[in-house]
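The values are calculated or read from the model by the stated rules, or taken from the named source; none is laboratory data. Computed from a predicted model, the values in this text were never measured in an experiment. Note that we place each Cβ from the backbone using ideal geometry, even for glycine, and neighbour counts take in every protein chain shown. Ligands, DNA and RNA are excluded from the accessible area calculation, which covers all protein heavy atoms including side chains. Shrake-Rupley method; radii C 1.70, N 1.55, O 1.52, S 1.80 Å.
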Amino acid sequence: TEDGVSIYWAGLNKGKRSVAADMRSPEGQQLIQRLIADAGILITNVAGRQWHSHETLRALRPDLIHLEVSGRADGTTGVDYTVNAATGFPLVTGSPAQREPVNHVLPAWDVSCGLYAVIAITAALRRRESTGQGSAIRLPLDDVALATTANLGFLTEVMVNGTQRPRLGNAIYGQYGQNFTSSDGAWFMVVALTNRHFRDLTELTGTTKAVAAVAEALGADLNDEGQRYEHREVLNGLFAPWFRSRTADAITSALSNTSVLWDRYQSFAEASESPRVTDNPLFAPLEQPRVGT
């Protein structure tokens, strides 16, 4: 805010209460230990302090669930932005013409780590309910990023094929998806995952015959999603004139009557004012102290 209050911090801490204690004093440490023992669950990203280690706290609460988030598995520090840099994504993000790394704005590993923490705590609670045993859980942020990268095939692709995923701009690897611009400057993201999606897209744009001719000339089967991806630049050239010759409203109306997957690019300001937020029971106005409504 204009007064220097963090909107980010307030947004992440809605519904929480905090307590201040002098953790350097024995009294403060004992207070926090009692709070942890009463709650039965501790989630922390502060490691290396014996007084709130799992071994110490377990003496006060034998079935304690203790989850420690760390930067890296070897105990060294790491945050989303440094972990992301060492994972590979900034080197495959952005335009094919770019050479320097491009960091995405979303702190994906922080978000993913939080969700993994929730799953871990839930599993530990189920275990405690059935066995009476507590749990000591270590969750390195770097491991979350590496596991996700591996699960999505990025690491295996290098190991098996010996090649790294290329930069694709706004295209979708292995599928047909591309952004297009309307005559009045609006941007649309269009995705055709299935044959039905692709057929509807060609019919909508009046390119069915042209696409068939291109497929014959290239010896390609454009019913195959991989070949649609391979020949995406040609397809982009066929579809783009339809979008460029129509307004955003006309494109919105036309796409709404098809099976094609699409959406119009919106700013945060536009999203916050859209019915997806204003008419959504997930959201309600909140008076946040020192921030406002």
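In loop segments of the stretch 196-293 as defined by DSSP, the GluC sites (Glu not before Pro) with at most 10 further C-beta atoms inside 10 Å of their C-beta are E287. If you bin all the Cα-Cα distances of the stretch 176-293 at 10 Å, starting from zero, the percentages per bin are 12, 38, 25, 14, 8, 3, 1.
Compactness check for the stretch 100-226: Cα Rg over 2.2 N^0.38 Å is 1.59.
Volume per residue of the convex hull around the Cα atoms, evaluated for the chain, comes out as 221 Å³.
Work through the residues other than T93 whose Cβ is under 14 Å from its Cβ and net out their charges, Lys, Arg +1 and Asp, Glu -1.
On the way: positive: R99, R165, R167; negative: E100.
Combined, the nearby Lys, Arg, Asp and Glu give +2.
Taking amide H as placed 1.01 Å from N in the peptide plane, I137 has its amide H under 5 Å from the amide H of H66, L67, E68, each at least 5 places away in sequence or on another chain.
Using only Cα atoms and rounding to the nearest 10 degrees, what angle (0 to 90) does helix 26-39 make with the longest principal axis of the chain? Helix 26-39 and the main axis of the chain meet at about 60 degrees. Expressed as a whole percent, the accessible surface of the stretch 49-139 that belongs to carbon and sulfur atoms is 60, based on a 1.4 Å probe. Determine the distance separating the Cα centre of the stretch 212-242 from the Cα centre of the stretch 88-167; give it in Å without decimals. First find each Cα centre; the distance between them is then 33 Å. Along the stretch 226-237 the Karplus relation, 6.51 cos²θ - 1.76 cosθ + 1.60 evaluated at θ = phi - 60°, assigns HN-Hα couplings of x, 6, 5, 5, 4, 9, 4, 5, 5, 5, 4, x Hz to successive residues, with x for each Gly and Pro. Note on exposure: M189, M23 ranked by accessible area (1.4 Å probe, complete protein assembly) read M23, M189, with the most exposed listed first. Based on Cα contacts under 8 Å between residues 6+ apart, the stretch 134-293 shows a relative contact order of 24 percent.
Using a 1.4 Å probe and counting only protein heavy atoms, arrange V92, V190 so the residue with the most accessible area comes first.
V92, V190
Rolling a 1.4 Å probe over the heavy atoms of the protein chains gives the chain an accessible area of 63 Å² per residue.
Counting only heavy atoms of the protein chains and using a 1.4 Å probe, Y81 has close to 140 Å² of accessible surface. Heavy atoms only, probe 1.4 Å: what % of the accessible area of the stretch 170-246 goes to carbon and sulfur, would you let me know? For the stretch 170-246, the apolar C and S fraction of the accessible surface comes to 49 percent. Measure nothing fancy, just the Cα-based angle from helix 195-205's long axis to the longest principal axis of the chain, in degrees from 0 to 90, nearest 10. The angle comes out near 50 degrees.
Step by step: find N for the stretch 156-230, compute 2.2 N^0.38 Å, then divide the Cα radius of gyration by it. What's the final number? Each step should come with its number before you reach the end.
Numbers: Rg = 14.5 Å, N = 75, 2.2 N^0.38 = 11.3 Å.
The value comes to 1.28.
Full extension of the chain between N45 and N151 gives 35.7 nm of extra length, using 0.36 nm per residue less the Cα-Cα distance. Over the chain, dividing the summed -39,500 (n - 2.57) contributions of all DSSP H runs of at least 4 residues by the number of residues returns a 222 nm mean residue ellipticity of -13000 deg cm²/dmol.
The convex hull drawn around the Cα atoms of the stretch 1-127, when projected onto a plane and averaged over every direction, covers 11.6 nm².
Under the criterion of Cα pairs below 8 Å and six or more residues apart, the relative contact order for the chain equals 15 percent. Could you check how many percent of all C-alpha pairs in the stretch 1-65 are farther apart than 18 Å? Beyond 18 Å sits 48 percent of the P(r) for the stretch 1-65.
Based on Cα atoms of the stretch 189-240, Rg over Rh with Rh as the Kirkwood radius reads 0.90.
Every Cα-Cα pair in the stretch 78-132 was counted, and those over 17 Å apart are 53% of them. In vacuum, with every alpha carbon of the stretch 224-284 counted as one equal point scatterer, what does the Debye formula give for log10 I(q)/I(0) at q = 0.12, 0.13, 0.15, 0.17 Å⁻¹? Two decimals, please. The computed values of log10 I(q)/I(0) come out as -0.49, -0.56, -0.70, -0.82. Taking amide H positions as modeled 1.01 Å from N, with prolines and chain starts lacking one, the residues under 5 Å from G78 and 5 or more places away or on another chain are G71, R72.
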